[in-house]
1. Hey, which lysines would be in cross-link range of Lys56, C-alpha to C-alpha under 22 Å, not counting anything within fewer than 8 residues on its own chain?
2. Cross-link partners among aspartates and glutamates for Lys49, C-alpha distance below 19 Å, same-chain residues fewer than 8 apart left out?
3. Among the lysines, which have Cα under 20 Å from the Cα of Lys20 when same-chain residues fewer than 8 positions away are ignored?
4. Net charge near Glu17: determine it from the other residues with C-beta under 15 Å of the C-beta of Glu17, scoring Lys and Arg +1 and Asp and Glu -1.
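What follows draws every value from the coordinates through simple rules; no lab data is involved. All figures in this text were calculated on a predicted structure; none of them were measured in a lab. Neighbour counts run over all protein chains shown; Cβ positions are idealised from the backbone, glycine included.
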Amino acid sequence: MPDIFDTAITKISSIYELVKKIGNADLLNEISDLKIELADIKSAYADLKNENTRLKAALSGKGSSVGMASVIRK
C-alpha cells in the first residue's frame, strides 16, 4: 500500500513541475496542498499499521501496551 502513496506523490510532483512551467499560481497552491495532505495520509497510514501490529502482538501475548505513547495528530 505505501507504494500507492509514493506513486501518487511522484505523479503530483510531475504535475507540479508542469504547472510551474505554465505559471498558474492558484493551481500550484492547490497541488502543494494536495502533496501535504497525501504526506499526512501516508503518515497516518503508517501509524495505523504500527498500532495494528502492536494490537496483534498484545492479543497473541507477545507484547504489551504498557508504556506505549499515543500519537497525537492536529
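1. Lys42
2. Qualifying aspartates and glutamates at Cα under 19 Å: Asp3, Asp6, Glu37, Asp40.
3. Of all the lysines, those that pass the test against Lys20 - Cα under 20 Å, at least 8 places apart if same chain - are Lys11, Lys35.
4. +3
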